[in-house]
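Computed from the coordinates by the stated procedures, all read-outs in this text should not be read as laboratory data. This structure is a prediction, so every number in the text was calculated from the model and none was measured. FYI the Cβ positions are ideal-geometry reconstructions off the backbone, even for glycines, and counts take in every protein chain you see.
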Amino acid sequence: MIKKCLFPAAGYGTRFLPATKSMPKEMMPVVNKPLIEYGVDEAVEAGMTEICMVTGRGKRALEDHFDINYELEHQISGTGKESMLGHIRGVMESCRFSYTRQTEMKGLGHAILTGQTLVGDQPFAVVLADDLCVNPGGPGVLAQMAKLYRQFRCSIVAVQEVPEDQVHKYGVIAGDVIRDDILRVTDMVEKPTREEAPSNLAIIGRYILTPDIFDLIANTEPGKGGEIQITDALLKQAQEGCVLAYRFKGTRFDCGSVEGFIDATNYCYDHFYRAGE
């Protein structure tokens, strides 16, 4: 039902300088595959084959990665290394990619609004590639959320419990319990202090959004940090209708931090790379 997945990918990745001075943070490799490809794989597994990316200056490597490299492929043709491109070729064949640029960094809400021209008037998913999510032996987080959307037909955010001293890094929700893993959102605060936080349930980088979110974002004033926050628009949507928070099954790595990136690399090496040798 949901075919489009939006990847906001215009940020500077300053926490990984100097590595990200000339390389998009989304192209940083976790073992031998860039972060962005893990996110696209998750979208494809959920049946979302129309991949929409919001990029910015210095992000051409994202487009090049999901394109043919004739010189490279000619050089390794017929060698053992050719098979190493088998997966990305499959992704390129099964997906349709489109791109637009966010010319100013005005927050996640603004980045999603910039993607409206690619998404159009239909429900869509959003993946923040910084959050690498895995669920070995079961469906990925987006596939879990797409199944929920078919039942509830409203916006859904993925959440997990975080330590109280970490709530200031996230959008945090409160809600009424529908079942053990689903809440109907009643409150949502962007990067609250510990005292302001309505709970310790933090939104991570997986969303399913209904198209009316675009008008809500367009009418949202800059919030925390002077940026247009998707959290503020979602709170209005929750007050006017329904937004669900979903406690997903699986493990999430915060690859926007050095520690989380190292943890993800070690995990993927042990569970995917070494296992496939």
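Here are the numbers:
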read-out: Segment 1-59: Rg to Rh, with Rh as the Kirkwood radius over Cα pairs; value: 1.02
read-out: Over segment 55-124, equivalent-ellipsoid semi-axes from the Cα gyration tensor in Å; value: 32, 15, 8
read-out: Global form of segment 122-256, assessed from the alpha-carbon gyration tensor, a/c cut-off 1.5; value: rounded
read-out: Neighbour-count ranking [beta-carbon atoms within 10 angstrom, fewest first] of MET1, MET27; value: MET1, MET27
read-out: Surrounding net charge for GLY86, when Lys and Arg each add one and Asp and Glu each subtract one, Cβ distance under 12 Å; value: -1
read-out: Per-pair calculated FRET efficiency, R0 = 25 Å: THR186 and ALA218 via Cβ, rounded to 0.05; value: 0.55
read-out: Dimensionless Rg over Rh [segment 16-169; C-alpha; Kirkwood]; value: 0.98
read-out: Euclidean distance between Cα centres, segment 76-123 to segment 224-254, Å; value: 23
read-out: Interchain or long-range residues, amide H under 5 Å from MET53's placed H; value: PHE7, SER98, TYR99, THR100
read-out: Helix axis angle, 230-240 relative to the chain longest principal axis, alpha carbon, degrees; value: 50
read-out: Over segment 183-258, equivalent-ellipsoid semi-axes from the Cα gyration tensor in Å; value: 20, 16, 14
read-out: Neighbour-count ranking [beta-carbon atoms within 10 angstrom, fewest first] of HIS271, HIS65; value: HIS271, HIS65
read-out: With eigenvalues of the C-alpha gyration tensor scaled by 5 and rooted, the chain, Å; value: 31, 20, 19
read-out: Choice from LYS236, LYS249, LYS81 showing the highest fluctuation, given a GNM over the chain with Cα pairs closer than 10 Å; value: LYS81
read-out: Nonlocal amide H pairs with GLY223, under 5 Å, H built at 1.01 Å; value: ILE228, GLN229
read-out: 5 Å binning of all Cα-Cα separations within segment 89-192, expressed as whole percents from 0 upward; value: 2, 8, 15, 20, 24, 17, 10, 5, 1
read-out: Dipole magnitude (debye, nearest 20) for the chain, charges at Cβ of Lys, Arg, Asp, Glu; value: 260
read-out: Free-standing Cys, the chain [no other Cys Cβ under 4.7 Å]; value: CYS5, CYS52, CYS95, CYS133, CYS255, CYS268
read-out: Per-residue Cβ neighbour rank within 10 angstrom, fewest leading, ILE182, ILE68; value: ILE68, ILE182
